[in-house]
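Below: the structure, in C-alpha cells.
The values are calculated or read from the model by the stated rules, or taken from the named source; none is laboratory data. On a predicted model such as this, the values are computed, not experimentally measured, just so you know. Here the Cβ is made from the backbone with ideal geometry for all residues, glycine too, and neighbour counts use every protein chain on show.
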Amino acid sequence: MLVPSEGRTIEQLASKLPQPAKDDYFSLSSSHVDYPVVAENIWYTNSLDMGDFKDRIGIFLVISRFNHSCTPNALFHWSETLNRQVVYNIKPIAKGQEIEVAYISVMSPPTTRQNALKKNFNFVCHCTACSLPCKELEISASRRSECVAIAQRIDTQLDRGKPLVALCSIRRAMDLAKLEGVWESETAPLCYDAFRICVLWGDELHARQWADLAFKLCSLIKGHNSADAIMMRRLRDDPKSEKGSNGKSLWAALGEQILVGPFEPSRSPRMQELSLPSSFKEPAKATSGTSAVKLSTGQKKKIKEKAKRARLNALSAQGEVPG
Ligand SMILES: [Zn+2]
C-alpha cells in the first residue's frame, strides 16, 4: 500500500521507495491517456479510494492485478474495521476461474463504459456483457438504464404519494439487475430505499424483510462487520429506530399502509423470486434468519391477510403498477 503525503509529488514519492517496493510500483500498468510522467500515470491508472469520502487514495499491488468485467464476480472495498482494502467474491468463483472486479460504474450504457475504460485504462472491454451480439447488447443496455432510471424516480413517486408504485419499481429494478447478473453488487441501496418507504408508511413486516435483504447484500459485498451491514442488521431488528436527516423518527410518518416485500409473488411474469448466492452464509453471531421469523405464526398470518386486503385496495386506488 502506498499513500502520498502532503507536499510531495507522486514522482518524488515513487522515486524514494525502497528497492523491492519501487520495482513493484513500476511493474504496474500505466494506461491513463492524460499523464505523460510514468510514475504519475501508474498512480492515476491504479490508485483506489480508501473510504467513501475519497479524501485518501492508495496503491494496492494485488488488487491492481485484477482485470475488469462489466458483470464482475468480485468487488473490492476499503474496510474501516480492518484498515485495509479487501476483495469479496459476490458470485461463486471456481478454481482456476479469473477474479474480475469493476473499474467503473457497470450500469452505464456500453458506449459510456467503453469510453471510460479507454480513457482511464486504455483498453476495449470484451467482457461477457460487452461481447453480446448487437441486439442483446441493446437489451442489456436498456435493462441497466432502466435500473438507474428507477432509482432516480423513487423520490418523485414518493412525493406523489405512490409508495406501492415505488416499491414495485424497486422490485422490477432488482429483477432487471438479476437478469444482468449485477443484482448482488448494485441493489443494496434500492433495498434500503424500499426499507425506508415501508418505514414511512408504518409497514413493519415488509420493512424488516427489505432491511434483512439489504443486510445480506451489504454482508456479501462489504463483509458482516462493515458499517453498512451492521446498520442494516440493526434496522432489520428495530425498523422503528430509523430516523430522518432532522433526527426525528420516520416511523409511520405518512400513516399506515401495507406495502410489498422483496419475496412476494409478483404480478409481473418477468419478476423472479430473488435469492441470495449460494456463497452467502449468515454469520453465526447474527440473529437467526430474517426478522420476520421473530413474529409469531399467528401474527404473520394476520399481517399477511391484512396485507392482501390493503394491497388490493391500494392497487385499485392507485390504478398503476409497472408490469
Ligand atoms: Zn465490459
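Checking SER140 against (1) out of contact with any helix residue (DSSP H, G or I) (no Cβ under 9 Å at 6 or more places or on another chain); (2) within 12 Å of the ligand (Cβ to nearest atom); (3) part of a helix (DSSP H, G or I), which single condition isn't satisfied?
SER140 satisfies all of (1) out of contact with any helix residue (DSSP H, G or I) (no Cβ under 9 Å at 6 or more places or on another chain); (2) within 12 Å of the ligand (Cβ to nearest atom); (3) part of a helix (DSSP H, G or I) except (1).
I want to confirm something. Restricting to region 69-86 and keeping residues that are of a type in the set (A, V, I, L, M) and within 18 Å of SER105 (Cβ to Cβ), which single residue is surrounded by the fewest Cβ atoms within 10 Å (Cβ to Cβ)?
Filtering region 69-86 for residues that are of a type in the set (A, V, I, L, M) and within 18 Å of SER105 (Cβ to Cβ), the one surrounded by the fewest Cβ atoms within 10 Å (Cβ to Cβ) comes out as LEU75.
Starting from region 99-125, keep only residues that are free of Cβ contacts under 8 Å to residues at least 12 places away in the same chain, then list their pairs with residues that are in a helix (DSSP H, G or I) and more than 10 Å from the ligand (Cβ to nearest atom) whose Cβ atoms are within a distance under 7 Å, requiring at least 6 positions of separation or different chains.
VAL124/LYS118
Residue-by-condition table, conditions (1) in contact with a Gly (Cβ under 6 Å, 6 or more places away or on another chain); (2) farther than 29 Å from ALA74 by Cβ:
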position	(1), (2)
ARG160	no, yes
PRO163	no, yes
LEU176	no, no
GLY181	no, no
GLU186	no, no
LEU190	no, no
CYS198	no, yes
HIS206	yes, yes
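What number goes with the only condition from (1) within 24 Å of PHE263 (Cα to Cα); (2) surrounded by fewer than 17 Cβ atoms within 10 Å (Cβ to Cβ); (3) of a type in the set (Gly, Ala, Ser) that SER169 does not pass?
Unmet condition: (2).
Does ALA166 satisfy the condition of being assigned to a helix (DSSP H, G or I), closer than 27 Å to ALA227 by Cβ, more than 13 Å from the ligand (Cβ to nearest atom) and not charged (D, E, K, R)? Spell out the reasoning first.
On the way: assigned to a helix (DSSP H, G or I): yes; closer than 27 Å to ALA227 by Cβ: yes; more than 13 Å from the ligand (Cβ to nearest atom): yes; not charged (D, E, K, R): yes.
So ALA166 fits the description; yes.
List the pairs whose first member sits in region 56-72 and is more than 20 Å from SER140 (Cβ to Cβ), whose second member is within 16 Å of the ligand (Cβ to nearest atom) and of a type in the set (Lys, Arg), and whose Cβ atoms are under 8 Å apart, counting only residues at least 6 apart or on separate chains?
That search, which allows pairs on different chains as well, returns nothing.
Quick one: is ALA129 in the same structural domain as GLY223 (by TED's automatic domain parsing), of a type outside the set (D, E, K, R) and within 19 Å of THR187 (Cα to Cα)?
No; evaluated as a whole, the condition is false for this residue.
If you go through region 143-155 one residue at a time, do you hit one that is within 15 Å of the ligand (Cβ to nearest atom), in contact (Cβ under 8 Å) with a residue 12 or more places away in the chain and either assigned to a helix (DSSP H, G or I) or not aromatic (Phe, Trp, Tyr) (or both)?
yes
Pairs under 6 Å by beta carbon, first residue free of Cβ contacts under 8 Å to residues at least 60 places away in the same chain in region 210-236, partner among the acidic types (Asp, Glu) and assigned to a loop (DSSP other than H, G, I, E, B), six or more apart or different chains?
Listed by first residue and then by second, the contacts come to LEU235/GLU242.
Could you go through region 27-37 and let me know if any residue there is hydroxyl-bearing (Ser, Thr, Tyr) and more than 20 Å from ILE104 (Cα to Cα).
Among the residues of region 27-37, at least one is hydroxyl-bearing (Ser, Thr, Tyr) and more than 20 Å from ILE104 (Cα to Cα), which makes the answer yes.
Of the residues VAL106, VAL37, which is outside the structural domain of SER142 (by TED's automatic domain parsing) and at pLDDT below 90?
Exactly one of VAL106, VAL37 is outside the structural domain of SER142 (by TED's automatic domain parsing) and at pLDDT below 90, namely VAL37.
Inspect region 25-41 for any residue being surrounded by 14 or more Cβ atoms within 10 Å (Cβ to Cβ), of a type in the set (S, T, N, Q) and closer than 30 Å to SER219 by Cβ and give the result as yes or no.
No - not one qualifying residue is present in region 25-41.
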